[in-house]
Each structure stands twice: as structure tokens, then as C-alpha cells.
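Data first, discussion second: the structure below is written as C-alpha cells.
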Amino acid sequence: RPVALREGADAMARAVALAPEQGAGTLAWVGALRRAEAAVVLEPELPLGAARLALHAAANALADALVALGPPEAAVGLRWPDRLLLNGAACGRLRLAAPPGIAEETVPDWLVVGMELRLAFPEGHEPGLLPGETALAEEGFDPEVDGPALTAAWARHLMAQFDAWQSRGAAPVAEPFLARLEETPAMRGARRGIDPASGALVLERDGARQRIGMEAA
């Protein structure tokens with residue numbers, strides 16, 4: 001059930017507001033020239049901790065959408081826990097919201113997962129003003145790859161991610177996420193994994209295990 005919003009609106013906030021009454025499948029999206037933004041309501045059957053893997057699924061779906069719609073030379077990556085990279089520079093992020101105060105072991109009535117993506121910098125933007133940041137227009141994407149096209153592609157790939165998760169467990173979500181994950185100095189030399197019970201990043205090195213929660217940017 002798509003809910004179109006005007007430029008300047010917050011798709012995530014709108015989806016959260018609609019979640020208790022409209023339920024799963026509600027998709028809020030913003031029509032804007034320089035950004036794509038959308039959020040979808042879910043009704044998970046897992047406890048909150050395990051359901052946090054929805055953020056990883058959303059990240060995979062956005063990355064898959066950009067690979068499908070973008071130039072073949074564009075390198076799409078992810079930065080823990082919620083940033084999307086194009087050719088090593090940040091241009092988008094993922095978001096996850098749950099009912100306030102809910103315990104990790106409780107099945108939430110709803111979740112909202114959302115994405116934001118910079119299509120172009122504002123007019124008059126000076127190159128180099130935001131080091132480490134980019135936009136689709138800067139990386140050779142066709143102007144026809146706009147907000148509606150990206151929202152539709154993200155939604156399609158997100159449904160594919162959820163189908164794989166439901167039928168085959170966490171691995172089809174965790175493995176592509178880890179394959180695209182940017183390696184930081186703290187990760188070097190470590191075996192990486194995703195805890196399916198919490199969505200946390202797990203690093204194993206020399207018999208020791210370190211967990212990095214999804215709140216740690």
C-alpha cells in the first residue's frame with residue numbers, strides 16, 4: 001500500500017505513525033529531486049533481537065537495486081552498521097524502528113525499515129566540500145534512475161530478501177551483507193559473522209570473540 005509524500009516529508013516518521021493502524025505492507029515514500037527515501041512496515045514473527053536482521057536485508061536490497069540500475073563500473077559497498085557506499089564514498093543509509101520500550105526477546109507488533117539515498121548534491125555544491133560523501137549523479141548514474149525507480153527496485157529486492165530469509169534462514173541475508181561490508185582496521189585479520197539472534201557483527205580472532213552492536217556506527 002504505497003503512501004506518496006511531498007518533498008521535505010519524512011518517510012520513516014510517516015511509516016512509524018501508520019504502522020499500528022495500517023500494518024504490514026504499508027510503503028511510505030518521498031517524491032524528491034535530489035534524494036530517494038522510503039520506509040516499509042513489517043509485522044515480524046521473530047523476537048526483536050532476531051528481527052533486527054531486517055536492517056541487513058534492507059541494506060542488501062538497496063545495494064542490489066543500485067547494482068541493477070547503475071553503471072557496471074560502480075562499486076557498491078556497505079559500512080557498518082547502516083551506511084551505503086558508492087565507490088568507497090557514503091551516499092545513503094538504512095534505518096530501523098520498533099515500538100518504544102520493547103524488550104529484545106519480545107515479538108514486536110511492527111517494525112519499520114527504511115532507506116535514504118542521495119541522488120544529487122544541491123545546486124552550487126562545490127566538489128570536495130563533503131569529503132567521503134557522494135551522490136548517484138557524481139558516480140555516473142543515469143538521470144532516469146530517480147526516486148520512484150529506486151523505491152520500486154528496493155521494494156522488489158527487499159521482498160526477495162525476505163523470501164530467502166523465511167525459507168532458508170539468516171544465511172542468505174548475512175552472507176551478501178558481509179561480502180559487501182567495508183573492512184575497518186578493527187576488522188583486519190578477523191573472521192566476520194552476523195549473530196542471527198541480535199544482528200550484531202561478530203569478529204573472531206585468535207580464539208577471542210568480539211561483538212559489535214548495530215548501534216555502533
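The values are calculated or read from the model by the stated rules, or taken from the named source; none is laboratory data. Because the structure is predicted, anything quoted here is derived from the model rather than measured. Glycine gets a Cβ as well: all are built from the backbone with ideal geometry, and neighbour counts include every protein chain shown. These area figures cover heavy atoms from the full protein model, side chains too; ligands, DNA and RNA do not enter into them. Shrake-Rupley method; radii C 1.70, N 1.55, O 1.52, S 1.80 Å.
Things worth noting here:
- Hey, VAL67 free of Cβ contacts under 8 Å to residues at least 12 places away in the same chain, β-branched (Val, Ile, Thr) and under 17 Å from PHE177 (Cα atoms) or not: yes
- Which numbered condition ALA120 fails, given (1) open to solvent by 60 Å² or more (accessible area, probe 1.4 Å); (2) among the hydrophobic types (A, V, I, L, M, F, W, C); (3) assigned to a loop (DSSP other than H, G, I, E, B): (1)
- Candidates ALA152, ALA174, ALA179 - the one that is closer than 30 Å to LEU48 by Cα, open to solvent by 80 Å² or more (accessible area, probe 1.4 Å), modelled with pLDDT of 95 or more and of a type outside the set (Val, Ile, Thr): ALA179
- Residue in region 105-117 that is open to solvent by less than 30 Å² (accessible area, probe 1.4 Å), part of a helix (DSSP H, G or I), closer than 21 Å to HIS56 by Cα and in contact with a helix residue (DSSP H, G or I) (Cβ under 9 Å, 6 or more places away or on another chain) present: no
- Members of region 10-65 found to be part of a strand (DSSP E or B) and over 29 Å from PHE141 (Cα atoms), listed by number: LEU42
- In summary, LEU78 fulfils each of the numbered conditions (1) of a type in the set (A, V, I, L, M); (2) at pLDDT below 95; (3) under 13 Å from the mean Cα position of the chain (by Cα) with the single exception of condition (2).
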